[in-house]
Amino acid sequence: MSEEPKTPDPSLLLDLMTRVERRFDAVKERLADRFDRDDRVQILPYRGYGTRERLWLQGRVLEDEPVGTAGKKDSVWRNLGNTWKRFETDELPGIRVEARVGGWTGEMVTDEEGYFRFDVNLPEPLAASLPEDGRLWHEVELELPESPVRACGEVLVPPAGARFGVISDIDDTVVETGVTRRLAMARTVLLRNAHTRLPFAGVAAFYAALHEARESRGPNPLFFVSASPWNLYDLLAEFMGLHGIPRGPILLRDLGLDRRRLLKVPTAEHKLGCIRPILETYPELPFILIGDSGEQDPEIYREVVREHPGRILAVYIRAIRARGDSPERAARVEALAGEMRREGVPMLLVPDTEAAAVHAAEHGWIDPGRLPGVREEKVKDEIAPSPTEAALEIGPA
């Protein structure tokens, strides 16, 4: 009687993959020592968030040549080279990073991927921002005590008068990536830059309307959550700045192996792991959630509504057509919308930002006077030439 084949032990396979990853990093480090002696050590802080009493900030320490700012006429080869620089990183583990904000000073050590994370309970609260100054950001000084390397991080602290917060997906919600079409997504990531990536029509004007301070109350905070890797942080931050999208923390994911499991953290688990702490940090603040129907945003936001009854004002899901979409998927999204509506949370499957803006204006979340601007920007974005057409200096047919 033949024996049944044994199932491989996942922990053994994970250990093997971990050793391979470490061996690859060691080889990469030796090559860097030989060929990249001119690369400089740099601190890359990511925008954090918090309250006057508690701040959260993370970043990374690398020894790399800076990518630099993108240009409108950058060639495909330059974009490809910059993408290579973003992913071929020489991370520095075990490096001490010192942070200072207000009257507090603290220190962390980078992990094996070069990341550092500060979760700080301040001894004295930060100065309160006033509605008229619209201040949202506090600077955090960062330095490596054993070298002259310094940087300045930023932490979002919403004013007490904020009426609500906004949590938004990025891929195929703010910026066109083709995340449901793998070839299109690869082309976008590899060959485009912050100038040649396309925003979704009207998104900047709509988000500015949601962010706007009204009725002598401070501006509303925005948070951006994506399953994209931290390697693309600078590209996404530059893109949002170029297109006038209000600044907010951008929460991405680590590309490295998760030591607790063989596979990477699933997208839904990653996004929920970003969203839950935001809602816990601001327990008195209601939120609007924005995403798209291409992947799992409806399911993720359904879970958020279930976990936080009474906290979600509305869910806006941009309807996109993905290859292979089935009637079952459409029915599933509609069923989720029905479940949320029964719990008092409108989930709208909208064709564009204008439809979401109309609904938001009807409920007093944005100024109705902003609607013409959203509509005008939507039209302008829709008729804008594609990156290829712009390069050829011709308009769309």
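Within the group Ala335, Ala319, which residue is surrounded by fewer than 16 Cβ atoms within 10 Å (Cβ to Cβ) and either modelled with pLDDT under 90 or basic (Lys, Arg) (or both)?
Answer to the selection: Ala319.
Can we say Arg302 is under 23 Å from Leu210 (Cα atoms), surrounded by 20 or more Cβ atoms within 10 Å (Cβ to Cβ), touching a residue at least 12 places away in the same chain (Cβ under 8 Å) and not hydrophobic (A, V, I, L, M, F, W, C)?
Spelling it out, Arg302 is indeed under 23 Å from Leu210 (Cα atoms), surrounded by 20 or more Cβ atoms within 10 Å (Cβ to Cβ), touching a residue at least 12 places away in the same chain (Cβ under 8 Å) and not hydrophobic (A, V, I, L, M, F, W, C).
Residues in region 325-357 that are more than 15 Å from Gly294 (Cα to Cα) and not aliphatic (A, V, I, L, M): how many?
9
When region 86-101 is examined, which residues are found to be part of a loop (DSSP other than H, G, I, E, B) and buried (at least 17 other Cβ atoms within 10 Å of the Cβ)?
The answer is Thr89, Asp90, Leu92, Ile95.
Please verify whether Leu222 is free of Cβ contacts under 8 Å to residues at least 60 places away in the same chain, assigned by TED's automatic domain parsing to the domain that holds Leu279, closer than 27 Å to Pro351 by Cβ and touching a helix residue (DSSP H, G or I) at 6+ places or on another chain (Cβ under 8 Å), treating the condition exactly as stated.
yes
Among the listed residues Arg318, Arg341, identify the single one that is of a type in the set (D, E, K, R) and touching a residue at least 12 places away in the same chain (Cβ under 8 Å).
Step by step, each of Arg318, Arg341 is checked, and only Arg318 is of a type in the set (D, E, K, R) and touching a residue at least 12 places away in the same chain (Cβ under 8 Å).
Quick one: how many residues across region 280-299 are acidic (Asp, Glu) and in contact (Cβ under 8 Å) with a residue 40 or more places away in the chain?
3
Would it be correct to say that Arg318 is closer than 23 Å to Phe164 by Cβ and touching a Ser or Thr at 6+ places or on another chain (Cβ under 7 Å)?
Considered against the rule, which asks whether it is closer than 23 Å to Phe164 by Cβ and touching a Ser or Thr at 6+ places or on another chain (Cβ under 7 Å), Arg318 comes out as yes.
Taking the condition of being charged (D, E, K, R) and under 16 Å from Pro246 (Cα atoms), how many residues in region 164-175 meet it?
1
Of these, Leu144, Leu92, Leu122, which one is closer than 14 Å to Trp56 by Cα and either touching a residue at least 60 places away in the same chain (Cβ under 8 Å) or not assigned by TED's automatic domain parsing to the domain that holds Trp230 (or both)?
Just one listed residue meets the conditions, Leu122.
The values are calculated or read from the model by the stated rules, or taken from the named source; none is laboratory data. Quantities reported herein were computed from a predicted structural model and do not represent experimental measurements. Neighbour counts are summed over all protein chains in view; Cβ atoms, including those assigned to glycine, are modelled from backbone coordinates with ideal geometry.
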